[in-house]
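Have a look at the structure below, then the notes.
Every number here is computed from the coordinates shown, using simple stated rules; none is lab data. These numbers were taken from a predicted model, which means no experiment stands behind them. In this analysis, Cβ positions are derived from the backbone assuming ideal geometry, glycine residues included, and neighbour counts consider all displayed protein chains.
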Amino acid sequence: MSRAGKITRRVFLGAAGAAAAGLAVGYYVYRRPFPNPLEAQAGEGEAVFNPFVKIPTEGPITVIVPRAEMGQGVTTTLAALIAEELDVRLDQVTVEHGPAASAYANIGMLEEGVPFPRFDDSTIAEMMRGGMGVVGRFLAMQATGGSSSTTDGFTRMRQAGALAREALKAQAARRWQVDAASLTTAEGFVTNPATGETVAYGELALDAARVDLTADPILRDPAEWKLLGRPQPRLDMEAKVTGAPIFGVDVDLPDMVFATIRMNPHFGGTIRTLDDAGSLAMPGVEKLVIIETHLGNGFGVIARSTWHAMRAADAVQVEWERPDRAVDDDAIWAGLEAAVAGRGSNFRDDGDVETVFADAPRERMVEAEYRVPFLAHAAMEPMNATARFRDGELDVWAPNQSPTLTRMACAREAGISQENCRVHTTSLGGAFGRRLEVDYAVYATRLAMETNGRPVKVTWTREEDMTHDMYRPAAMGRFRARLGEDGMPQALDMKIASPSIIASLLPRLYPRLPVPGSDTAIVDGSFNQPYSIANYRVSGVVADNPGVPVGFWRAVGNSFNGFFHEAFMDEIATAGGIDPVELRLSLMADHPAAVGVVEKVADMAEWSASLPANRAKGFAFATSFGSWVAEIVEISETEGRIRLEKVWIAADVGRALDPSIIEAQLMSGALFGLSAAMFEEVNFADGRAVQTNFHDYDPLRIHQSPDVEVAILQNAPKMGGVGEIGTPPAAPALANAIFALTGKRIRQLPLAREVDFA
Amino acid sequence: MRLTVNGNPIEIDAEAEMPLLWALRDLAGIKGPKFGCGIAACGACTVLVAGQPVRSCVLPLGQVEGDVTTIEGIGRPGALHAVQEAWIVEQVAQCGYCQAGQIMSAVALLDEIPNPSDADIDRTMGGNLCRCATYPKIRAAIKRAAASTGA
């Protein structure tokens, strides 16, 4: 840890002191910091054990998985955590998302929002994490992001299952007048091995839920696990292959009307003139509603079907006001160039970088400038939400990543207290960070204020979705390295500039909150890699943002820092005449988990084997979200076109709760990263996004998709995240392969600007 | 407008230019076909008309000639289509939003070519986007379905 220990300590929330206020405590001590949201709505004959477990007298047990299912398999894995300790089969439980509630706050996500590498377990890093945990509970934000669902739920969900199990045993023990410790549980029954008597959980449930346990239950040793650590069939698979109506766009309510919106595509602009006469006369159209919020200005059309609404919206004659400030590619890149030339904040500063570079001979220097563009999320399910405002109460059905933020923003829009707002979270047809935002739910709320209590389902067109994204920010980096006589780097200096995500996001959620001046995301993935280089500096600069909304996009800062850091490492290896894998291995020798995945992937891909002249491989490594990932991409070239042949991934996640789901996430994360690296780019001109739909923002398709082979390792001492970790190494592995094959070093994404893909 | 959807005659009170997708989803309550782009660029809305795969988001009701089959019409829990079975064995779906369209394209492919090559899959499935990029599993599931139907 000595190297990581040198990383600059910066306390930015001042919350560390709160860590002493009691974090290393069991479920019991903090199990009732918030009301149990299930108690108010328990049905007849339904016993509520805790915020996560409901057992009816008859029928399937309900477990609450209060995280968004957006494809990452969280429904299955979090349910398995409960089922493992509750001693039920997965097919004996029904999963519900549950209401928006502080009891479901994601503490793990905020704990990892600290500016320390995940592998840094120094006291101050742990204190900061503890402090963030307290803050997380204080803010009580229920959210799905930061690849944190399983690490956040790992103990809490098992405890919830174990608490219910122990209460059921205690009740059975009371009934049979025996010691609870003598009883066993399996598949939804309590058994007395001495007599052979058994009783179903349902029969005990109502009385058992009132049992007051006096001690925290002891969680099972992983060696005893029956579900965890083994591949489970996904609980949502059958619904998803039969077209079941589980998504936000599928919400169907009695008396529901349909709507769509059109918002000013010029960010921050208002409506100058609007003529709706023609559209209101169209068949099936009910109403046009002006939408004026701090998130955007425009209008909604309410009609008898989504298509009638969209057609009428097309017919509205609207002239959009344009903000004074120009948003276009030139202004954006000028801002980035100015920022990267300016002074940065050091997030890592080992040794004495300035002195080492002061007398560096030219032939020992490697210097480069890298750029990445803005990106859209382009989730397959366009933004949508359904809202009903009736008798002062607001119900919102939305595919969202944060029910508590959604509730706050929608209640604010409706002018009601949060107690009178209920958020119903559907399955998400993709999200990738986009659905941490609240705009779609706020606009639906606005329209619901105008329908006399009728529910209104508001579906965006793809064009609205793509031109009103909160984009992955563009970024730019200037890097230099000094090599020693042996070709190894003596010094590495990286400066990275990007618009701040948090400064863009916070005013959307909390319009009156001050905006922070620094943003760890700008350097996340560059400042916290496990390389030992004597003089090693990584600094970040917040670039001027002319007004483009930016937000969280799968892997966030890691999505571009992976490319910056690992493509430049490849340049260092080339300049020093050292094999790229060998270079990494010698620099990361202090971190066995890193070495493990690098050696594993090199072995899988037969890195050292020679290839035909038209083929090459590229390598990259990145640790992110507490996990360690190495990837190798093999490409071929035929008639000037590059084809991706194969991707090998080795990942160490510390503890693999479901190998099958983790493998799928690594595959998805890597291909998502390759898609962006190859093709994706959002440009801005005339104050708005240029790309509007999949014809001009065309992600990876099946004929371009390589085969993927994954190995999962479990040597790291801490459990890491899964949903985003495949993305960071993908772009640099491909760019490095293109260099190996063609000699062309591409330092700006997307790669399709420079090469043709088959 | 009169349609036959999944073997059932249905009456739809709408203009001839209304796209089939929205008539199915908003008027007939058949939600399997999904809206993704509205310009036939993503395939999420794929249904079969007279056995041929079409992008229902751009097909006006007035031009529907033949019986319509949606994901709901090929199989249901307990009686799944071989392609759906293969999708479950391979655990294809992640977010799942595009999968109804993927499966309908795969059903059409296997009807035409019972034992498709990789090139056949590339050619016929390239119109179906998946942002979770489940493509390797889609490919494996199509091959599994082909093998299971004894082609």
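Before moving on, here are some points about what is shown:
- Charges were assigned to the Cβ only: +1 to each Lys and Arg, -1 to each Asp and Glu. The resulting dipole of the stretch B:2-73 about its Cα centre is roughly 300 debye.
- Where labels lie 7 Å past Cα in the beta-carbon direction, separation of residue A:707 and residue A:230 in nm: 2.9
- Unsatisfied cross-links (Cα-Cα over 24 Å) in the set A:457/B:34; A:600/A:646; A:646/B:143; A:457/B:31; A:287/A:457; A:240/A:617: A:240/A:617
- Taking each residue as 0.36 nm, the span from residue A:44 to residue A:338 lengthens on full extension beyond its C-alpha to C-alpha distance by 99.4 nm.
- Distance between the stretch A:686-758 and the stretch A:258-288 - C-alpha centres, whole angstrom: 38
- Taking the charge dipole of chain A about its Cα centre, with +1 at Lys and Arg Cβ atoms and -1 at Asp and Glu Cβ atoms, the residue from A:282, A:614, A:177 reaching farthest to the positive side is A:177.
- For residue A:509, net neighbour charge (Lys/Arg +1, Asp/Glu -1) across residues whose Cβ lies under 15 Å away: +3
- Helix-derived mean residue ellipticity, 222 nm - over the protein assembly as shown, DSSP H n ≥ 4, -39500 (n - 2.57), to 500: -9000 deg cm²/dmol
- Between the beta carbons of residue A:714 and residue A:215, assuming R0 = 30 Å, the FRET efficiency works out to 0.50 to the nearest 0.05.
- Measuring between their Cα centroids, the stretch A:392-454 and the stretch A:293-338 lie 21 Å from each other.
- Pairs of C-alpha atoms in chain B farther apart than 25 Å represent 25 percent of all such pairs.
- Estimated FRET transfer efficiency when R0 is 22 angstrom, pair residue A:752-residue A:544 (beta carbons, to 0.05): 0.20
- Test item: A:60-70 mean partner chain Cβ contacts at 10 Å: 1
- Pairwise FRET efficiency - residue B:65 versus residue A:452, Cβ, R0 = 45 Å, nearest 0.05: 0.65
- The stretch B:2-73, relative contact order [Cα under 8 Å, separation at least 6], %: 39
- Relative packing of A:659-671, A:256-268, A:551-563, which averages over residues the other C-beta atoms within 10 Å, highest first: A:551-563, A:659-671, A:256-268
- Share antiparallel - DSSP beta bridges, chain A, percent rounded to 5: 75
- Cβ neighbours within 10 Å from other chains - mean over A:668-679: 2
- Share of pairwise Cα separations in the protein assembly as shown, more than 55 Å, in percent: 11
- About the centre of its Cα atoms, the stretch B:75-148 shows a dipole size close to 220 debye [charges on the beta carbon of Lys, Arg (+1) and Asp, Glu (-1) only; nearest 20 debye].
- Rounded, prolate or oblate (a/c below 1.5 giving rounded, otherwise prolate when a/b exceeds b/c) for the stretch B:62-104 by Cα gyration tensor: oblate
- For the stretch B:75-148, alpha-carbon Rg relative to the globular expectation (2.2 N^0.38 Å, N residues): 0.98
- Dipole-positive endmost among B:128, A:225, A:154 within the protein assembly as shown (Cβ charges, Cα centre): A:154
- Shape analysis of the stretch A:230-303 yields a ratio of the Cα radius of gyration to the Kirkwood radius, Rg/Rh, of 1.19.
- For the stretch A:243-398, the equivalent ellipsoid derived from the alpha-carbon gyration tensor has semi-axes of 49, 21, 14 Å in decreasing order.
- Taking other C-beta atoms within 10 angstrom as a stand-in for reagent exposure, B:143, A:495, A:226 fall in the order A:226, B:143, A:495, fewest first.
- Here A:371, A:641 are placed in order of increasing Cβ neighbour count within 10 Å, fewest first, which gives A:641, A:371.
- Stokes-Einstein diffusion for the stretch B:2-73 at 4 °C, viscosity 1.567 mPa s, with a Kirkwood radius from C-alpha pairs, works out to 111 µm²/s.
- Axial C-alpha extent at least 27 Å, average Kyte-Doolittle at least -1.0 - helices from chain A (DSSP): A:149-176, A:659-679
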